[in-house]
Every structure is written in structure tokens, then in C-alpha cells.
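What follows is calculated from the coordinates using simple rules that are stated; it is not laboratory data. Treat the numbers as computed from the prediction; the structure is a model and nothing was measured. Cβ: placed from backbone, ideal geometry, glycine included. Neighbour counts: every protein chain shown.
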Amino acid sequence: DTAVSQTPKYLVTQMGNDKSIKCEQNLGHDTMYWYKQDSKKFLKIMFSYNNKELIINETVPNRFSPKSPDKAHLNLHINSLELGDSAVYFCASGTGGGHQPQHFGDGTRLSIL
Amino acid sequence: SQKIEQNSEALNIQEGKTATLTCNYTNYSPAYLQWYRQDPGRGPVFLLLIRENEKEKRKERLKVTFDTTLKQSLFHITASQPADSATYLCALVGDGSQGNLIFGKGTKLSVKP
């Protein structure tokens, strides 16, 4: 069974559209994350979330919003997509704190036309 | 601001040799440091974690060192194999309680038969 799964794997859409990426983890972890990997392969944290607290990286535009219907899911909504949003988005889960590994999904490759 | 550098973007070695990858950090005193492997089209996969009070950690053919004076970690793969070819990422835990990871840009390792 896949531990962290994201859908869709590929997303091609027009500038200005609104889209969502879904993420589910079956590891029972309390904390989930969204990372963005740009064209230079640099992986950067966007959000971290547990059932009590959402922490937003200050560099993330407010067009991006995470939504968590329950502990096992953290979806990413993006409004008014821009060309610069093209990247690979990774969901991850963990127990929180730096002393434990994070488990990553295989990414969603978003391409804006 | 916190900064992580992996000095080599790419490293090419011959099968059977030891690969050594370097990770340096500045403006930070992390309690933990993690190493991940990323294959093309896949998410990062956790390999090893080392604590600030540990000088060295081993797992099969992998060895990680952590020098808090030099602010450096070295990642070694002994008896390298073509299957070890991948991008290797070092990561430190950022500020805050949720364990957000700050990644280096990665080193792409190619092991030639």
C-alpha cells in the first residue's frame, strides 16, 4: 500500500484557473506538509499542518490554501494560477519534530499554459 | 537566514568506489540532520538521520558524519553500485515545532559500471 499518495500525478491547465491537488497518508501521522520543487530542483516548504496548527511559509502567496478534512488528508487549493506556479508539488507526512523522518508522495507536476 | 549548501551539483564515480557527498550549513545550529534519496519522477525517500551529539551513523553501505564545529555533514556510500545513482538531499529542521525541513539543492550521483 502506498503510504503517501497524491492525485493527480500530472496537471496541465491554463493561467487564471483554480485547481486542487489531493493528498492522503495511511501512516497515522499527525503532521502533513506541502513542499514545492521548482525547475532548479530546489525543494522548499510551503505549509505544515497538524490538527491544531497551520504554519504558512511567509513567501507563499495567499492564492495557495491548504485544506484538511481530516488527519489523513491535506489538500492544496490554488486560485488564479500563474505561470510561475509551474513546479512539482510534494505532499509529505511525519510525526512532527526533526527527530523523525518524513514520508513523501511522488509529486504532482503542475504545468501552466 | 538559514542556508544549506551541497557543494557539488553532480558527482561521477566508478562502480566499487566510495562516493562522498558534502553538506554545509550556515546561520544555524540544528539538533538533527537528515539525508534523503530522490529518483527521477519520485518523491524523496528517507535514508539516515543523525543527531548533533552523534559524530557518525551507519546503515549498511551508508555512513553519515556530523561535525557541528565545521557545520558540515558528509555522506558516504561505500562499494558504490549503478543502482545508487540518484540525487541525494541533505535536510535540516527549520525553526518551529512541526519539523519543517530545509533542503539543500542536492547532489546528483552517477555510478558508472
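Please turn the phi angles of segment A:12-24 into ³J(HN,Hα) values with the Karplus equation 6.51 cos²θ - 1.76 cosθ + 1.60 (θ = phi - 60°), one per residue in order, whole Hz, x for glycine and proline.
So the J values, rounded to whole Hz, are 10, 8, 8, 4, x, 6, 10, 9, 10, 10, 9, 9, 9.
Relative to the Cα centre, what is the charge dipole magnitude of segment A:4-112, using +1 at the beta carbon of each Lys and Arg, -1 at the beta carbon of each Asp and Glu, and rounding to the nearest 20 debye?
Dipole magnitude for segment A:4-112 comes out near 180 debye.
Just how large is the dipole of segment B:1-66 about the Cα centre, in debye to the nearest 20, putting +1 at every Lys and Arg Cβ and -1 at every Asp and Glu Cβ?
Working: 11 positive and 8 negative charges, 44 e Å.
Here the size comes out at about 200 debye.
Any chance you could get the radius of gyration and Dmax over the Cα atoms of the protein assembly as shown, in Å?
Taking only Cα atoms of the protein assembly as shown, I get Rg and Dmax of 17.6, 51 Å.
Counting alpha carbon pairs within less than 8 Å and at least 6 residues apart, what relative contact order, in whole percent, applies to chain B?
Worked out over chain B, it gives 35 percent.
Using just the C-alpha positions of chain A as equal point scatterers, what log10 of I(q)/I(0) does the Debye formula give at each q in 0.12, 0.14, 0.19, 0.22 1/Å?
Those come out to -0.37, -0.51, -0.96, -1.28, one per q.
Would you tell me the mean number of C-beta atoms belonging to other protein chains that fall within 10 Å of each C-beta in B:35-43, as a whole number?
That works out to 4 on average.
Rounded, prolate or oblate: which one fits segment B:23-80, using the alpha carbon gyration tensor with axes a ≥ b ≥ c (rounded when a/c is under 1.5, else prolate when a/b beats b/c, else oblate)?
Oblate shape, in that a/c is at least 1.5 and b/c is the bigger or equal ratio.
For segment A:4-112, what number of Lys pairs, 8 or more residues apart or on separate chains, have alpha-carbon atoms under 16 Å from each other?
Going through segment A:4-112 pair by pair, I get 11.
Roughly how crowded by other chains is peptide A:43-51, in terms of the mean Cβ count from those chains within 10 Å of each of its Cβ atoms?
Values: counts 12, 4, 7, 1, 2, 7, 1, 2, 0.
For this peptide, the per-residue mean of nearby foreign Cβ atoms is 4.
Provide B:TYR25, A:TYR35 in ascending order of the number of other Cβ atoms located within 10 Å of each residue's Cβ, fewest first.
Sorted ascending by nearby Cβ count, the order is B:TYR25, A:TYR35.
Taking B:LYS17 as the anchor, which lysines have their alpha carbon closer than 20 Å to its alpha carbon, excluding any fewer than eight residues away along the same chain?
The qualifying lysines are B:LYS57, B:LYS59, B:LYS63, B:LYS108, B:LYS112.
Going by C-beta contacts inside 10 Å, put B:LYS112, A:LYS9 in order with the fewest on the left.
B:LYS112, A:LYS9
Shielding by partners for A:22-35, please: the mean number of other protein chain Cβ atoms within 10 Å of each residue's Cβ. All intermediate terms of the calculation are to be shown ahead of the outcome.
Details: counts 0, 0, 0, 0, 0, 0, 0, 0, 1, 4, 1, 4, 0, 5.
Neighbouring Cβ atoms belonging to other protein chains average 1 per residue here.
I'd like to know which of B:ASN27, B:LEU62, B:GLN72 lies farthest towards the positive end of the charge dipole of segment B:23-80, counting +1 on Cβ of Lys and Arg and -1 on Cβ of Asp and Glu.
Value computed over the given set: B:LEU62.
Is there a quick way to get the dipole size of the protein assembly as shown? I mean about its Cα centre, with the Cβ of Lys and Arg at +1 and of Asp and Glu at -1; what is the value in debye to the nearest 20?
400
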